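Structure record follows, encoded as structure tokens.
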Amino acid sequence: MIQLFLRDVGLSVRSGGGFGLALIFFLIVVTLIPFALGPDQTALAVVAPGVLWLGALLACLLSLDRIFGLDFEDGTLDLLATSPLPPEAVYIAKAAAHWLTTGLPLALAAPILGVLLNLDFETGKILCLSLLLGTPALSLIGAFGASLTLGVKRGGLLLSLLVLPLYVPSLIFGAQAVRLAGQGLAYDGALVLLSAISLGAAAILPFASGAALRINLR
């Protein structure tokens, strides 16, 4: 399981399919928003929490089809299905590799890019914390969607349609925590709910994804 995790991390970093592409997309989104809204710093600060969280969410979508897709095409998943490693462990290793190469860099880059949207330093720390707590759910849900659409033609579009509604609670609570922090209000409740979503996904989705992988690999 550890070897599979390290292999996926190495492939993602070398190919740039997850690590570099997500960061570049996130940078483009955050850079274009000031051009669309104009130079009003107050307006930028108001929309910054939602824009940064939405940008991170969409950046995570870019590499979801690669979680299982490439291994399915070259036969690696068939070999893994015959190995002692259960499908649930394969799912966990791949979801963890996706988060490490996509979710973690986005969380660390978000406060820096938030400066472009007039986000102050203290609020930027809460933004980073909310993404660290919320992006694991994005990777777990995305990997689950990828296991459901495995082998489907044009599965990328179907994958997006499946996971986007499931991303909405994380988006709401993540943006709300940053917004409340910027207003000087209590934001602990939103962070707790955000953590609960990630923990719930980690507890339930490995079994659901394992069942989906068994069905699709028959």
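Here the chain has 73 percent of its accessible surface on carbon and sulfur atoms, given a 1.4 Å probe and all protein chains in place. Accessible surface calculations at 1.4 Å, restricted to protein heavy atoms, place the chain at 48 Å² per residue.
Largest mean-square fluctuation among Leu194, Leu132, Leu85, in a Gaussian network model of the chain whose springs join Cα atoms under 10 Å apart, belongs to Leu85. Compared with the dominant Cα axis of the chain, that is its longest principal axis, helix 2-15 is turned about 60°. Could you grab the relative contact order for the stretch 28-148? Cα pairs under 8 Å, six or more apart, rounded to a whole percent. Relative contact order of the stretch 28-148: 38 percent. Any chance you could give the angle, 0 to 90 degrees and rounded to 10, that helix 188-216 forms with the longest Cα principal axis of the chain? In the chain, helix 188-216 runs at an angle near 20 degrees to the longest axis. Comparing Ala175, Ala56, Ala196 in a Gaussian network model of the chain, where Cα atoms under 10 Å apart are tied by springs, the biggest mean-square fluctuation is seen for Ala196.
Which of rounded, prolate, oblate describes the stretch 74-198, given a ≥ b ≥ c as roots of the alpha-carbon gyration tensor eigenvalues and a/c under 1.5 marking rounded, otherwise prolate only if a/b is larger than b/c?
It is prolate, given that a/c is not under 1.5 and a/b is the larger ratio.
Among Gly189, Gly20, Gly114, the largest mean-square fluctuation in a Gaussian network model of the chain, built with springs joining Cα atoms closer than 10 Å, belongs to Gly189. For the chain, the longest principal axis of the Cα atoms and the long axis of helix 121-148 meet at an angle of about 30 degrees. Each Lys and Arg Cβ is given +1 and each Asp and Glu Cβ -1; about its Cα centre, the stretch 6-133 then shows a dipole of about 220 debye.
The values are calculated or read from the model by the stated rules, or taken from the named source; none is laboratory data. Keep in mind the model is a prediction, meaning the values are calculated, not measured. Reconstructed Cβ throughout: ideal geometry from the backbone, glycine too, with neighbour counts over all protein chains shown. Surface areas here come from the heavy atoms of the whole protein model, side chains and all, with no ligands, DNA or RNA. Shrake-Rupley method; radii C 1.70, N 1.55, O 1.52, S 1.80 Å.
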